[in-house]
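Structure first, commentary second.
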Amino acid sequence: MPCYRSRAFRLALAVVAVALSVSSLEAQGEMPAPPKPGPEMAIFKNMEGTWDAAIQITGMPKESKGTQTSKLEVNGLWLASNFQGDFGGMPFQGKGLDSFDQTKKKYVGVWVDSMTTTPMLSEGTFDKEKNQLTMVSDHVGHDGKPAKYKMVTTYNDKDSYTWTMSTIGKEGKD
């Protein structure tokens, strides 16, 4: 008797369901065109490449170092970033995905790293006058309790940018 609970069977069933849905849409001439990167993605184009990072953490006497490699992927819709370095003297690795959500009309991001098992989901806006991307996130704080974070990326020029992260206190101040 076959086991209908096996992972392989469920995956095969899901693939067949998707294929049938796509075939049905194609037959009806309703297959939507895949999205294309909009003009909002231009800020991420300059982020492609390998960056040397100098990290200053408030309260830590020593500067940390790292390297970030970023590339537009998935049809140019997402900036994929990989970070390697140290954080307060400890090895640190992180990965991020950033994009512009055309439905929400907001920038969105997800970040995972070697210091937590909880992904950081963020969203925000871009200020053209300041050349700044500001993202906010509700995430777990260092004490394990919920916290609100603000991340600001200021694009200084094509060869440098400044990224800051702060916790937003109960009174709304960084």
*Only one of these is open to solvent by 50 Å² or more (accessible area, probe 1.4 Å) and within 22 Å of Asp174 (Cβ to Cβ): Lys158, Lys95, Lys104, Lys150. Name it.*
Lys150
*Go through the residues of region 113-120 one by one and say whether even a single one is within 15 Å of Met165 (Cβ to Cβ) and surrounded by fewer than 15 Cβ atoms within 10 Å (Cβ to Cβ).*
yes
*asked:* Looking at (1) open to solvent by 30 Å² or more (accessible area, probe 1.4 Å); (2) touching a Phe, Trp or Tyr at 6+ places or on another chain (Cβ under 7 Å); (3) under 20 Å from Ile168 (Cβ atoms), which one does Leu72 not meet, given that it meets all the others?
replied: (3)
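Can you tell me how many residues within region 109-135 are hydrophobic (A, V, I, L, M, F, W, C) and within 10 Å of the chain's Cα centre (by Cα)? Steps first, answer last, please.
Just the residues of region 109-135 that are hydrophobic (A, V, I, L, M, F, W, C), to begin with: 110-112, 115, 120-121, 126, 133, 135.
After this cut, where a residue has to be within 10 Å of the chain's Cα centre (by Cα) as well, the list is 110-112, 120-121.
Adding up the residues that qualify gives 5.
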*So which of Lys173, Lys148, Lys106 ends up being touching an Asp or Glu at 6+ places or on another chain (Cβ under 6 Å), over 18 Å from Lys71 (Cα atoms) and modelled with pLDDT under 95?*
Lys148
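Quick one: would you say Pro34 is open to solvent by 70 Å² or more (accessible area, probe 1.4 Å), farther than 20 Å from His139 by Cβ and touching a strand residue (DSSP E or B) at 6+ places or on another chain (Cβ under 9 Å)?
Numbers: open to solvent by 70 Å² or more (accessible area, probe 1.4 Å): yes; farther than 20 Å from His139 by Cβ: yes; touching a strand residue (DSSP E or B) at 6+ places or on another chain (Cβ under 9 Å): no.
Criteria not met by Pro34.
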*Which residues, counting only those in region 57-92, are out of contact with any Ser or Thr (no Cβ under 9 Å at 6 or more places or on another chain) and part of a strand (DSSP E or B)?*
Ser64, Lys65, Gly66, Leu72, Glu73
*Pair list, Cβ under 6 Å, 6 or more apart: region 27-38 residue modelled with pLDDT of 90 or more, other residue surrounded by 10 or more Cβ atoms within 10 Å (Cβ to Cβ) and not in a loop (DSSP other than H, G, I, E, B)*: none
*All positions within region 42-77 that are closer than 22 Å to Tyr107 by Cα and in contact with an Asp or Glu (Cβ under 7 Å, 6 or more places away or on another chain)*: Phe44, Ser70, Lys71, Leu72
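Which members of region 98-127 meet the condition of being without any contact (Cβ under 8 Å) to a residue 12 or more places away in the chain and more than 21 Å from Tyr155 (Cβ to Cβ)? Give the derivation first.
First, the residues of region 98-127 that are without any contact (Cβ under 8 Å) to a residue 12 or more places away in the chain: 103, 105, 117, 119, 127.
Across region 98-127, the qualifying residues are Thr103, Thr117, Pro119.
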*asked:* I'm trying to understand the selection: among the residues of region 121-130, which are touching a strand residue (DSSP E or B) at 6+ places or on another chain (Cβ under 6 Å) and either open to solvent by 100 Å² or more (accessible area, probe 1.4 Å) or over 17 Å from Lys150 (Cβ atoms) (or both)?
replied: Leu121
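The values are calculated or read from the model by the stated rules, or taken from the named source; none is laboratory data. Note that this is a predicted model, so its numbers are computed, not measured. Neighbour counts are summed over all protein chains in view; Cβ atoms, including those assigned to glycine, are modelled from backbone coordinates with ideal geometry. Side chains included, ligands, DNA and RNA excluded: accessible areas come from the protein's heavy atoms. Shrake-Rupley method; radii C 1.70, N 1.55, O 1.52, S 1.80 Å.
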